[in-house]
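Following: one structure in structure tokens, then a few remarks.
The values are calculated or read from the model by the stated rules, or taken from the named source; none is laboratory data. Not measured: the values here are computed from a predicted model. Positions of Cβ are backbone-derived with ideal geometry, glycine not excepted, and every protein chain shown enters the neighbour counts.
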Amino acid sequence: MKNRKKRVELIVELIRNNCIPSQEELVRLLAERGFHVTQATLSRDLKMLHTTKVPTDRGTYVYVLPDSNSLKDKLLTVGQLETNANYQSGFISLEFSGNIAVIKTRNGYASGLAYDIDMSNPPEILGTIPGTDTIFAVLREGLSRQEAIEVLKRFLPLDKSGIR
């Protein structure tokens, strides 16, 4: 069990500090550091950590952790991201209909972002329903749009251009 804890800690470190496109690459990086694991073991570890793969602008994918705020920095480091792009959350736009906030994201980003919102458990948001590129967030009755925007600013880079 002690070995598993160290291995999982190393997986977290590797994912946070590298652009890892596949389990094979992660197995290789772990082996370089003395942890020889099977794909099945690694798959269980990644599932336990709630990792997801998100697309890059170059058509590749990288692993991220649900609480990761470093994806943008990683992509900038390897030259895959312009400094004004928002690839950390994949956020595109926010629109309201009654007590529902409709959040549009890049393809593949919605579930990770919805997970982050749900896990932080803000009292103003009753829950989220993610699709591939859209999240429906149900807002508590009586919450004003401005109050909702303030809550969602914790998760989204909101400026006037993305709000409708």
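Overview of results
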{"quantity": "Selection count where residues are within 16 Å of ALA148 (Cα to Cα) and not aliphatic (A, V, I, L, M), scope the range 99-115", "calculated": "2"}
{"quantity": "Matching option when the condition is closer than 24 Å to GLY90 by Cα and out of contact with any strand residue (DSSP E or B) (no Cβ under 6 Å at 6 or more places or on another chain), among GLN23, GLN39", "calculated": "GLN23"}
{"quantity": "Residue match in the range 26-42 (condition: at pLDDT 80 or above, in contact with a helix residue (DSSP H, G or I) (Cβ under 6 Å, 6 or more places away or on another chain) and within 23 Å of ALA110 (Cβ to Cβ))", "calculated": "no"}
